[in-house]
Amino acid sequence: MKQDVNVLDTFDINGFQHDLISWFETEQRDLPWRINKDPYRVWVSEIMLQQTRVEAVKPFYKNFMGKFPTLEALAEAHEDEVLKAWEGLGYYSRARNLHSAVKEVKERYGGKVPDTPKEIGKLKGVGPYTQGAILSIAYGIPEPAVDGNVMRVMSRILSIWDDIAKPKTRQLFENIIREVISKDNPSYFNQGLMELGALICIPKNPACLLCPVRSHCRAFHEGVQKELPVKSKAKEPKVVSIVAGVFRTKDGRYIINKRPKTGLLANMWEFPNVEVQEGISNHKQQLAYYMREAFGLEVSVDEYAATVQHSFTHRTWEIFVFFGTAEGTIQESDTLKILTPEQFEQYTFSRSHKTIFEDCIERASLL
DNA sequence: CACGCGTGGCA
DNA sequence: TTGCCAAGCGT
């Protein structure tokens, strides 16, 4: 523990705090979650901002707060409504965990967001970063909120060469922040570090000449700001081939089904599809076989429609899409629906499957 | 600890 | 066009 903070032995903590907070006071962006310090509003913003850019979050946040303006409103909503409001933002378990945690706060804490690390850290979806962010921003409690920005900024300021991709490194920075955080204004200190990381101390080509704390920056003085932070690379995403069917019924509706409730894109709707087995080249045959085995449906797989590429951080989908038709009466269920194109609006899809609809529905209707 | 989990912007 | 991310968390 003491070893962690040896890097601070000759560091001007007070000067750094002052220069950082002064800069944040005048230069902070006007953002919808900075209107007040309502812990619920701060909480929602912190969840949405996980691994997501400010510009992407803004419209979702405004819409979400319009629909669920208070903790009680969100607690009383149905999960489907919450997920619908999250549609397109990504990382959907964030929405489910937030909803679940908000309900717990309502029931266990009478609707007041807890203000201790112990209690708040137990809430679903609230990890070390979010815990510190809510405590410092909403309650003014001097807890570290170490995210990617903070690790990048502080590794440059203190010239720390530990690999920030390693989980252990986050703890090193938490120990450092505990020493350097402003006890008078932990909210602006933490937000200032993140704002600096977003606007000035950016990953590539940091704007050091505009930086309010460059006089405190060891990497700048050593001329190594572009080599920090050290971050090892993730391995290559694997390519998964998928064959999917846009099946139309006689009355012009389309078959969709619901994904499993765990794993990738849990609970989202999609066109029926199956991973292409190694060594199988007849995609149409495999899809027809799958429809029979999975849904008990006899379908005709007709013409090739398109190949849709969709990349995740950890995997790439290569989706071969075919048009087809389904005969006879089909039994709808909780996980199988037959929709007119207009009805698609009411169901939640991932971006990749939306792409398929937009590309294919129109064309299928012309066949 | 390593991995799974989305999306859109930008060089 | 392709690669690299951006205010992490759960398991």
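Net charge in the neighbourhood of A:GLN331 (other residues with Cβ under 15 Å of its Cβ; Lys, Arg +1, Asp, Glu -1) is 0. The relative contact order of region A:3-227, computed from alpha carbon pairs under 8 Å that lie at least 6 residues apart in sequence, is 24 percent. Membrane-span-like helices in chain A (whole DSSP H runs, Cα extent of at least 18 Å along the helix axis, mean Kyte-Doolittle hydropathy of at least 1.0): none found.
Shape analysis of region A:20-128 places it in the oblate category; the axes a ≥ b ≥ c from the Cα gyration tensor give an a/c of at least 1.5, with a/b not above b/c. Each residue, A:THR307 and A:HIS221, gets one label point 7 Å from its Cα in the Cβ direction; the gap between the two is 5.6 nm. Over chain A, DSSP H runs of length four or greater, each weighted -39,500 (n - 2.57), average out per residue to a 222 nm ellipticity of -13000 deg cm²/dmol.
Candidate cross-link partners of A:LYS250 among the lysines, defined by an alpha-carbon separation under 19 Å and a same-chain spacing of 8 or more, comprise A:LYS337.
Modelled this way, with points 7 Å down the Cα-to-C-beta line, the labels at A:ASP9 and A:LYS62 are 5.2 nm from one another.
Placing pseudo-labels 7 Å out from each Cα toward the beta carbon at A:GLU345 and A:GLU27 gives an inter-label distance of 4.5 nm.
Using a ≥ b ≥ c from the Cα gyration tensor of region A:1-83 (square roots of the eigenvalues), is it rounded, prolate or oblate, where a/c under 1.5 gives rounded and otherwise the larger of a/b and b/c decides, a/b for prolate? It is prolate, given that a/c is not under 1.5 and a/b is the larger ratio.
For the listed residue pairs A:LYS106/A:LYS183; A:LYS67/A:LYS103; A:LYS168/A:LYS226; A:LYS168/A:LYS233; A:LYS58/A:LYS84, the alpha carbons are over 21 angstrom apart in A:LYS106/A:LYS183; A:LYS168/A:LYS226.
Readers should treat all values here as calculations from the given coordinates under stated rules, not as data from a laboratory. As the structure is a computational prediction, the values presented were derived from the model and not from experiment. Every residue, glycine as well, gets a Cβ built from its backbone with ideal geometry; the counts of neighbours run over all protein chains shown.
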